[in-house]
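The values are calculated or read from the model by the stated rules, or taken from the named source; none is laboratory data. Keep in mind the model is a prediction, meaning the values are calculated, not measured. Neighbour counts are summed over all protein chains in view; Cβ atoms, including those assigned to glycine, are modelled from backbone coordinates with ideal geometry.
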Amino acid sequence: MKEYTITVFSENNIGLLNEVTIVFSRRKINIESLTVSESEVKGISRYTIVAFMDESKVENVVLQLEKIIGVFKALYFEAEEIVHQEVALFKIANSSKLNGNLEALVRNQNAKILTVNPEFLVIEKVGYKAENQQLFNELEQYGVLQFARSGRVAVSCLQKDFTKYLKEFVA
Amino acid sequence: METATKAENIKEMNNTGETLSGAEILVRSLIQEGVDTMFGYIGGAIMPVYDALYDYQKELKHYMSRHEQGATHSAQAYARLTKKPGVCFTTSGPGATNLLTGLADAYLDSTPMVVITGQVPSGLLGSDAFQETNMVGLSMPVTKWNFQITKVEEIAEVMAKAFYIARTGRPGPVLIDITKDAQVQKTEYKYERCKGIRSYQPVPKLNMGEISAAAELINSAKKPMILAGQGILLSGAEQELMEFAEKTQTPVACTLLGLSSFPTDHPLYVGMLGMHGNYGPNMNTNQCDVLIAIGMRFDDRVTGDTSKYAKQAKIIHIDIDRSEHNKNISVDVPVLADAKQALTELNKVVRGSEREEWMQSFKDYYQLEYEKVIENQTHSSRERINMAEVIDCLSEKTNGEAVLCTDVGQHQMTSARYYKFKNPNTQVTSGGLGTMGFGMPAAIGAQIADPNATVVSVSGDGGFQMTIQELAVIRQYKLPVKSIVLNNSFLGMVRQWQDLFFEQRFSYTEMDNPDFVKIVEGYGIKAKRVSKREELQDAIQEMLDFPGAFFLEVVVETESNVLPMIAPGAAVSEMRLE
């Protein structure tokens, strides 16, 4: 089993997400993370899906995704073929416990403080999943009230000009 | 009189900008798509559409099934024979869920269908209203496409898209769920047939590199073999296949659904593939040097153990569905194309000469199969009639020219093995899903598609009772369908597995059957039972000569197994003759 990042471009239609996930669930493949939002082209969604599966199956999965009416293209990548990040938000109670150490930590981790008010502050970090997890572990001493992380977003190292490619569909 | 006027002017009435109800727009859409026949069952949520149908009885003949599953199987067979999408209407809730088996069957067997289900009014969606089920959700895994219409303005465009998707590329079933309010709302009617969908490419652009790679392998092959699947029938490539086989002097084996794509009396025909196929093509799958698979998907019933499947051969796989390439079997040369398109190109560049020794090996295997199996089954010395005797006799008396609709089980495999198909597209059976109860309603659809054909349904005593109520359709529409039940008072194929692989523990496979003749006579259909060998020939003749519907029950041997057989998990070359 290997970790793959799968990118799917599709119409922004009701039910398509369901069709996409059925391809995974019928093969009993768990989805580790899934991010769907509008691509650079209005009306076309971009999915980034992270899942573990056998090397022999990943191509079948991707072709079955492409077979869905409404899907323009599906691609799969291994870790070294993409540049990827996640966003994490940490909500911490604003209390006397906070001191200069927190600020240093935030700076050292390339995170930033988004909001500060008398009740709480929110820290944002963009990074790999493990990095965000690491920051969470270190912030725990200050009492983390909420920790929300996005799924992975990724761009591939492929040469192809996807912006142009997608625009051709709507032309 | 208004009805007649409406009907006569229908063609001109397109795009007149009239304001019509959603129900009428739906009905007009069908006519625009060339539909003249449909199957279905009325109910609350589809009543406005049926009310509109009442005005179009001249254009649209609706056959009322007795259970929605029956309607789907009839529509499937109709689609397979006419190569037009089969159309079904049902209501919401149970009417709709009863369609799921037919949709799953059509999806696996690439049958074009457009199925329309009524739905509760859009305001009630998600509220667990009376007869509300989430049909889009339920049907998603078993349809090529589906859509829920909630606004009248969507109907014409969605219907055009539905027909386009169902019939193009690899055909398949489409479900359109339409809320009751959308059926009664009104809007301006304007219909345009769908010419393309931006995220869907039904006809792949032929890659000439793939064609020349395939041709190179074919032209250097010493022991090639063709596996002909349903793709040949779907693309109407029977002539191209014949030319290809003759030019390259390559033996042709058919999958279950590929049967009738190549005449069984052709010298290059070597039989059926798969678990209960013929001995030669299975054994030689592991002997050939080039395997040319056309419009088939390497189903597990064809391949047996994939780790021991044709390992010595180079494999060429021609298929229109890219996701089928390398799905079950790794192939050397995938060709993404419609079968007809690929064969037409290949025929320009392929050649071959007679392969006496190679063909002889098929003949030798056939001889062995004949001595060990075929002779014993078609000329049984046992007291009871063997299923093979019935099919052999039927094949002879119909000259291999009937449309044969079979159910699922021993009788199906026996029919596939012993019926000598002469003409293309003359077998209708449930292959991928293996749906018991498919055969008789399928025969109804086949007879409607081709009123002059001799349509024979062959079922077992188990499957026949799963959709027995469809006899009422034969009665109501006076269809001359011939139905044969091969009655061994068992679920024969399961019994066979229990016999061979479960130490003869016959767990719940024996059936205490009703008097089939009495039941069928209750439907007003002529019926007969035979159990003696000497009566069989005459009974089949009587059935075929009878001008209307006829039911023939043949009491057959219980203990007989369908042989040869590739045991589950075994390799194709480990096929057993006894």
Note on segment A:45-61: residues buried (at least 18 other Cβ atoms within 10 Å of the Cβ) and within 9 Å of another protein chain (Cβ to nearest Cβ) are A:N60
Within segment A:148-170, restricting to residues that are among the hydrophobic types (A, V, I, L, M, F, W, C) and under 15 Å from A:V83 (Cβ atoms), the one that is surrounded by the fewest Cβ atoms within 10 Å (Cβ to Cβ) is A:C157
Looking only at segment B:54-76, which residues are under 18 Å from B:D450 (Cα atoms) and more than 24 Å from the chain's Cα centre (by Cα)? B:E59
Strands (runs of 3 or more DSSP E) fully within segment B:422-531 counting 1 or more residues that are in contact with a helix residue (DSSP H, G or I) (Cβ under 8 Å, 6 or more places away or on another chain) and under 23 Å from B:M272 (Cα atoms): B:455-460, B:482-487
For residues that are within 19 Å of A:Y47 (Cα to Cα) and either surrounded by 17 or more Cβ atoms within 10 Å (Cβ to Cβ) or touching a Leu at 6+ places or on another chain (Cβ under 9 Å) (or both), tally how many sit in segment A:128-147. 1
Here are B:E24, B:E68: which of them is over 20 Å from B:A182 (Cα atoms), buried (at least 18 other Cβ atoms within 10 Å of the Cβ), modelled with pLDDT of 90 or more and of a type in the set (D, E)? B:E68
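Here is a yes/no grid of residues against (1) within 24 Å of the chain's Cα centre (by Cα); (2) assigned to a helix (DSSP H, G or I); (3) touching a residue at least 40 places away in the same chain (Cβ under 8 Å):
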| residue | (1), (2), (3) |
| --- | --- |
| B:K311 | no, no, no |
| B:Q341 | yes, yes, yes |
| B:L346 | no, yes, yes |
| B:W358 | no, yes, yes |
| B:S361 | no, yes, yes |
| B:V373 | no, yes, yes |
| B:N376 | no, yes, no |
Among the residues of segment B:250-272, which ones are within 16 Å of B:S361 (Cα to Cα) and either in contact with a Ser or Thr (Cβ under 7 Å, 6 or more places away or on another chain) or not in a strand (DSSP E or B) (or both)? B:T250, B:P251, B:P267, B:L268
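Quick grid of which residues meet (1) surrounded by 21 or more Cβ atoms within 10 Å (Cβ to Cβ); (2) in contact with a Lys or Arg (Cβ under 7 Å, 6 or more places away or on another chain); (3) modelled with pLDDT under 95:
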site	(1), (2), (3)
B:L30	yes, no, no
B:D36	no, yes, no
B:V49	yes, no, no
B:H62	no, no, no
B:T72	yes, no, no
B:A77	yes, no, no
B:G95	yes, no, no
B:L103	yes, no, no
B:S110	yes, yes, no
Count - residues of segment B:180-207 that are hydrophobic (A, V, I, L, M, F, W, C) and under 28 Å from B:T133 (Cα atoms): 2
From the list A:S33, A:S37, A:S25, pick out the single residue that is surrounded by fewer than 16 Cβ atoms within 10 Å (Cβ to Cβ), in contact with a strand residue (DSSP E or B) (Cβ under 9 Å, 6 or more places away or on another chain) and away from chain B (no Cβ under 14 Å). A:S37
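This table checks each residue for (1) part of a strand (DSSP E or B); (2) within 14 Å of chain B (Cβ to nearest Cβ); (3) under 20 Å from A:F147 (Cα atoms); (4) in contact with a Ser or Thr (Cβ under 7 Å, 6 or more places away or on another chain).
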residue: A:V83; (1), (2), (3), (4): yes, no, no, no
residue: A:V87; (1), (2), (3), (4): yes, no, yes, yes
residue: A:I92; (1), (2), (3), (4): yes, no, yes, no
residue: A:N101; (1), (2), (3), (4): no, no, yes, no
Test B:A293 against the criterion of being part of a loop (DSSP other than H, G, I, E, B), touching a Leu at 6+ places or on another chain (Cβ under 6 Å) and surrounded by 17 or more Cβ atoms within 10 Å (Cβ to Cβ), and give yes or no. no
Could you please find all residues in segment B:389-402 being touching a residue at least 40 places away in the same chain (Cβ under 8 Å) and assigned to a helix (DSSP H, G or I)? B:E389, B:V390, B:I391, B:C393, B:L394, B:K397
